Amino acid sequence: MSRFALPRSVSAWREAVLTAVVYFVCASAALQLTRFDGGVAIVWPAGAVLFAKLAATPRRRWIGITLACVPAGLLTSFLFGLQGVVSVPLPLVCIAEAYAAAWLVKRLFPRFGRFQSVPEVACFLAVAGVLVPAGSAFFGALCALVARGIPYGLAWRDWYAGHALGMVAFAPPLLLTLRGQTRQWLASAGASRLGEAIGLLALVTGASLLTFGQDRIPLVMVPFLPMIAATVRLGRFGAVASILILLTIGLSFSLAGYGPTTMLHVSMALKLQVLQIYFASIVLILLPLAAELRTRRRMLDRLRAVEALHRLVLDRTSDIIIRLGLDGTLRYASPATERVWGYRPEELIGGVMFHLVSPEDLPGVLDARRRALANSDETAIAEYRVIRKDGAMVWVESHMRATIDDDGRVAGTVSIVREVTGRRKLMEDLTHKAMTDPLTGAYNRRAFDEALSALLGSIPTHSVLADTILADGVLGCLAVFDLDHFKQINDRYGHAAGDLVLARFVAILRSSMREGDLIARLGGEEFAVILSGMPSDQARLVCERVRKRLEQTAVQDASGAVIRTTVSVGIARLVAGQDSGDAMKNADGALYRAKQSGRNQSADAA
């Protein structure tokens, strides 16, 4: 099927005929009222009528509407226009002008017709107000030259001014009316809105009557204020209604000999051109203003929707969102602060955030913030403790990033803070499990090796005892314990009873050692204790105390059997810079001698 077709339905024919009738009326009125000295019409609203109708109609019906206007244009030309050979081509040029303007605007701006944006208005003005009228003026001026001998330049100027200004002044309100914008606005407006519209448009009517109803004072600026107010308050409807009121009143009174144009001592043709320039200027002010206001309103609506969504997300998220200024002042805090920290956002905003951070963790937080401020493209991460309102500590993980102001300068930081107390505890539990013996709760061999290596590689300071030890290079003692005849306990009483004996022995070690001494199970029934900062004679006394306590201890198993056992101990000094393997070898050697000497005793390394 062809993209363009003649109207086939009754409604389509009615639409085309009605357009042709309106076109004939407007063209006839323009030729009779605004054509002076046999020249071209100074005001030409007929082109705006056809342009508006085509722009508001699907393109498949353009041919029918355009063809219906051809006989109307020819009849107008025969009755009121230039006679002779130009009576046929001249109306065809006028119709082709409106068709070309509608086609080109739709080509450049497919969604044209709503005047919702400044680019759309600019496209209309460039095509319908400049390009197409300038092109049709070449042919129109040529017809005027041939028919009446009117100078080509003068005819071109009058044609261009009449057609361009007529298109700019009349087409927008006609198009918006044909597209049903006025009807839609009226249908959607409430009673208070309609009352406001009636009041504003009454002011526009009064200002227009005051301006054009007299010819003594040039009050051409008086309608501007109420028209702008109507545009700002009512949008495109206010702009279109104001323009229609001004056009109707202004053109009617001017043709009747009233209004500011009567104070111009020039020809009527020039007066009407000045009047059209006035109308076009108002259109050029109000339509872009209405479009820009609509764009801003839509942007504001989107911003409000985004803000509402933003607030909803912040209110529902379990994470804390905080924004700090350069000086550390808290500018914003999300509602989650009350749940996590116990503080309502208003209690924190305006204060310094850092007083909530644990003093031990504060240097790391400040360093992360300095890194975020120094590099706005990167995110700094810090994990620290926060002091809740009730005094309790919670671990948090903060991802912070610099914020930038309108001038591109760093303005502060924004952080997403998540409570990680549970995760931290889990990690600590996992670490503890990885470093401890599950049966006795003592440290395991891995933890023991790390602690022994760390001690042997350290230099004790800040104590009189440390100075004495450092003078000899001795850092403390290592005691290795081995339960005597433990295999016989397992064989006789079972492994469950053996486990009870091991757990009881660790309990004796804990009650006999200092708080900072590391107790470890090396494997099986062998244990070791690192006695940091303790001389060998004191270490011997401590180990003897352990040995005697175990000797006096009786362990009862599930069957009621009483189990007694003893322990042998080997003690070796720990020297700064010593290899941990050598330290263990010395302690094992002392333990071996204690075993060889009859067990249940302690021995020092040689």
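A few notes on this one:
- log₁₀ of I(q)/I(0) at q = 0.16, 0.23 Å⁻¹ - region 246-302, Debye sum with one point per alpha carbon: -0.57, -0.85
- Angle in degrees between helix 536-551 and the longest Cα principal axis of the chain, rounded to the nearest 10: 80
- Separation between Cα centres of region 380-443 and region 328-361, rounded to whole Å: 15
- Pairs from the table (389/425; 487/548; 389/433; 433/595) lying more than 28 angstrom apart at Cα are 389/433; 433/595.
- Ranked packing of 295-307, 267-279, 548-560, most packed first, by mean Cβ within 10 Å: 267-279, 548-560, 295-307
- Percentage relative contact order, the chain, counting C-alpha pairs under 8 Å, at least six apart: 8
- Rounded to 0.05, the FRET efficiency of the residue 406 and residue 329 pair, given R0 = 22 Å and the Cβ-Cβ distance, is 0.70.
- Accessible-area order (highest first, 1.4 angstrom probe) of the listed residues 192, 512: 192, 512
- Remark: the residue 118-residue 295 segment gains 62.9 nm on full extension, using 0.36 nm per residue and subtracting the alpha carbon distance.
- By accessible area, using a 1.4 Å probe on protein heavy atoms only, the chain has 60% of its surface on carbon and sulfur.
- Counting charges near residue 19 (Lys, Arg +1; Asp, Glu -1) among other residues having Cβ under 13 Å from its Cβ returns a value of +2.
- The aspartates and glutamates within cross-link reach of residue 271, meaning a Cα-to-Cα straight distance under 20 Å and a gap of 8 or more places when in the same chain, are 37, 158, 215.
- Calculated FRET efficiency for the pair residue 541/residue 495, C-beta based, R₀ 35 Å, to 0.05: 0.55
- Relative packing of peptides 239-247, 33-41 - highest average C-beta neighbours within 10 Å first: 239-247, 33-41
- Within region 302-451, all pairs of alpha-carbon atoms sorted by distance into 5 Å bins from zero give the percentages 2, 9, 14, 19, 17, 13, 9, 6, 5, 4, 2, 1, 0.
- Under 25 Å from residue 53, Cα to Cα: lysines that are on another chain or at least 8 residues apart: 106
- Counted over the chain, the DSSP beta bridges are approximately 95% antiparallel.
- Legend: calculated FRET efficiency, residue 14 to residue 56, from the Cβ-Cβ distance at R0 = 22 Å, rounded to 0.05, equals 0.90.
- With the simple model of a label 7 Å out from the Cα in the direction of the Cβ, residue 344 to residue 559 spans 6.9 nm.
- Shape analysis of region 313-387 based on the Cα gyration tensor places the equivalent ellipsoid semi-axes at 20, 15, 12 Å, largest first.
The values are calculated or read from the model by the stated rules, or taken from the named source; none is laboratory data. The model shown is predicted, which means the values in this text are computed figures rather than measured ones. Methodologically, a virtual Cβ is constructed for each residue, glycine included, from the backbone with ideal geometry; neighbour enumeration extends over all protein chains shown. Accessible surface is based on the protein model in full, side chains and every heavy atom, while ligands, DNA and RNA are left aside. Shrake-Rupley method; radii C 1.70, N 1.55, O 1.52, S 1.80 Å.
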